[in-house]
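Engineer: I'd like to ask some things about the structure below.
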Amino acid sequence: MSATLADARDVIDPKALATVKAGMALRGFQVHDTVTGGWLVARWNLSRYCPTFDDLREFAQQVDAA
C-alpha cells in the first residue's frame, strides 16, 4: 500500500498544526484544510496552497506568523 498526502497528515503533531494556524490567524490569514491533503492559506483576495506541513511552516515564517 502506498501512503497518500491525507495519510501523511495523520503523522503531523496536532499541537504544532494548531500553533501554526493560530499564528496565521493572529496575522489575518485563514488556513483551510483541503480534501486532497495540504492547506489553503488565504488573506483578502490572495491565496496560497501549501501541500506539506513544512511548506505551511515556511510560509508562516515568511509572513512573520511563526
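Rule-based calculations on the coordinates, nothing more; no lab input. This one's a predicted model, so the numbers in the text were calculated from it and none came from an experiment. Positions of Cβ are backbone-derived with ideal geometry, glycine not excepted, and every protein chain shown enters the neighbour counts.
Engineer: When the label point is put 7 Å from the Cα of T19 along its Cα-to-beta-carbon vector, which residues of region 35-58 have a backbone N closer than 14 Å?
Structural biologist: What the label zone holds, given the 14 Å backbone N cut-off, is 54, 57-58.
Engineer: With +1 on each Lys and Arg Cβ and -1 on each Asp and Glu Cβ, and nothing else charged, work out how big the dipole of region 5-62 is about its Cα centre, in Debye to the nearest 20.
Structural biologist: 320 debye
Engineer: Fully extended, how many nm does the chain gain between L26 and A42 (0.36 nm per residue separation, minus their Cα-Cα distance)?
Structural biologist: Residue separation times 0.36 nm, minus the Cα-Cα distance, leaves 4.5 nm.
Engineer: Also: Quick one: plug the Kirkwood hydrodynamic radius of region 5-62 (C-alpha pairs) into Stokes-Einstein at 10 °C, 1.306 mPa s, and report D in µm²/s.
Structural biologist: It comes out at roughly 139 µm²/s.
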